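*Asks:* Before I ask anything, let me first share the structure, which is written out below as structure tokens.
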Amino acid sequence: MLKELLWKWPLVRQIATGSDGTGPEAMSEQTRNLRPRFQGAQVARSVCPYCAVGCGQLVHHKNGRLISIEGDPASPISRGHLCPKGSDSYELITHPNRLKKVRYRRPHSTRWEDLDLETAMDMVADRVWETRARTFVANKDGKTLMQTTAIAHLGGATLDNEENYLIKKLFTGGLGMVCVSNQARI
């Protein structure tokens, strides 16, 4: 009985087998039964959304639930490494205090209120359209301008060329904006 009890200690097994303590003799029963937290999960390759570098990420999910986000070793850009923001992607998505509603504070108000996404998007669209209508300059000094300088757009760093092309066409051609840039240049 004492022998069985002592044999449960990894050090005793290491001494008895003469091994270096890096194999199964160093493992407890609990350690031997451990499995990766994302075992059986599906993996989607993604790109970190936080800067212009575009580090590769492996997104592990199972039964519609996010399990883990890690650096992608096959990424030629990051080779499996992530910065602090990228490695915190999982927590940023799953944290219980993460805001899931649009928060809005009316002018001169001292309190925030929740808005549904559709209402917030309508408010943004109304304000863009009203600002364009109020500040649009079709002609100046006999020259055709067809522009507004009262609205600007700053694109995100992870947008690809096609998305940036469409944004440029919409905002310059459709709305007449001349202040269009991208965060990747900053």
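Since every read-out is calculated from the coordinates, none of them should be taken as a lab result. These numbers come from a predicted model, not from an experiment. FYI the Cβ positions are ideal-geometry reconstructions off the backbone, even for glycines, and counts take in every protein chain you see.
*Asks:* Let me have the relative contact order for the stretch 39-166, percent, based on Cα pairs under 8 Å that are six or more residues apart.
*Replies:* It comes to 17 percent, rounded to a whole number.
*Asks:* For the charge dipole of the chain, defined by +1 on Lys and Arg C-beta atoms and -1 on Asp and Glu C-beta atoms about the Cα centroid, which residue among 7, 78, 139 has the Cα displaced farthest towards the positive pole?
*Replies:* Going by the charge dipole, the pick is 139.
*Asks:* Please arrange 104, 50, 90 by counting, for each residue, the other beta carbons lying within 10 Å of its beta carbon, fewest first.
*Replies:* Sorted ascending by nearby Cβ count, the order is 104, 90, 50.
*Asks:* How big is the gap, in Å, between the Cα center of the stretch 126-186 and the Cα center of the stretch 48-121?
*Replies:* Answer, in whole Å: 27.
*Asks:* Which log10 I(q)/I(0) values, to two decimals, does the stretch 136-186 give at q = 0.17, 0.32 Å⁻¹ under the Debye formula with one point per Cα?
*Replies:* With one equal scatterer per Cα and no solvent, log10 I(q)/I(0) is -0.54, -1.19.
*Asks:* Work out how much length residue 117 to residue 46 would gain on full extension: take 0.36 nm times their residue separation and subtract the Cα-Cα distance, in nm to one decimal.
*Replies:* Stretched fully, the residue 117-residue 46 segment lengthens by 23.0 nm.
*Asks:* Given points 7 Å out from each Cα along the Cα-Cβ axis, report the residue 31 to residue 161 separation in nanometres with one decimal.
*Replies:* My value for the distance between the label points is 5.2 nm.
*Asks:* Right, something else. Please list the non-local residues whose amide H lies under 5 Å from the amide H of residue 67, H modeled 1.01 Å from N, same-chain partners needing a gap of 5 or more.
*Replies:* 60, 61, 62
*Asks:* Could I ask something else about it? For the residues 68, 89, 109, what sequence is obtained by ranking on other C-beta atoms within 10 Å, fewest first?
*Replies:* Numbers: 68 16, 89 20, 109 9.
Sorted ascending by nearby Cβ count, the order is 109, 68, 89.
*Asks:* Please get the size of the charge dipole for the chain, origin at its Cα centre, with Cβ charges of +1 on Lys and Arg and -1 on Asp and Glu, quoted in debye to the nearest 20.
*Replies:* Magnitude of the dipole: close to 260 debye.
*Asks:* Which value in nm describes the separation of the simple spin-label points at residue 16 and residue 138, placed 7 Å from the Cα toward the beta carbon?
*Replies:* 9.4
*Asks:* Going by the alpha-carbon gyration tensor, a ≥ b ≥ c the square roots of its eigenvalues, is the stretch 42-94 rounded (a/c under 1.5) or, if a/c is not under 1.5, prolate (a/b greater than b/c) versus oblate?
*Replies:* It comes out oblate by the Cα gyration axes.
*Asks:* Expected output is a single nm value to one decimal: the length gained when fully extending between residue 181 and residue 126, i.e. 0.36 nm times separation in residues minus the C-alpha distance. What is it?
*Replies:* Here the answer is 17.6 nm.
*Asks:* Spelling out what I want: for every residue of the stretch 46-60, take phi, set θ = phi - 60°, compute 6.51 cos²θ - 1.76 cosθ + 1.60 (Karplus), and round to whole Hz; glycine and proline get x.
*Replies:* Calculated HN-Hα couplings, in order: 9, 10, 4, x, 9, 7, 7, 5, x, 5, x, 10, 9, 9, 9 Hz.
*Asks:* Could you give the nm distance between label points at residue 110 and residue 172, where each point is 7 Å from its Cα heading toward the beta carbon?
*Replies:* Result for the modelled spin labels: 4.7 nm.
*Asks:* Based on the Cα atoms of the chain, what semi-axes does the equivalent ellipsoid have, where each is the square root of 5 times one gyration tensor eigenvalue, given in whole Å with the largest first? Each step should come with its number before you reach the end.
*Replies:* Numbers: eigenvalues 652, 91, 31 Å².
Equivalent-ellipsoid dimensions as semi-axes: 57, 21, 12 Å.
*Asks:* Once Rh is set to the Kirkwood radius over Cα pairs, what Stokes-Einstein translational diffusion coefficient, in µm²/s, holds for the stretch 76-186 at a temperature of 25 °C and a viscosity of 0.890 mPa s?
*Replies:* 139
*Asks:* Could you give the DSSP H helices of the chain that reach 18 angstrom or more along their long axis (alpha carbon positions) and whose average Kyte-Doolittle hydropathy is no lower than -0.5? Numbers along the way, then the final one.
*Replies:* Numbers: long enough: 117-135 (27 Å, -0.48).
Flagged H segments are 117-135.
*Asks:* Could I ask something else about it? Work out the length of the dipole vector of the stretch 42-94 about its Cα centre, built from +1 on the beta-carbon of each Lys and Arg and -1 on the beta-carbon of each Asp and Glu, and round it to the nearest 20 debye.
*Replies:* On the way: 5 positive and 4 negative charges, 26 e Å.
Approximately 120 debye in magnitude.
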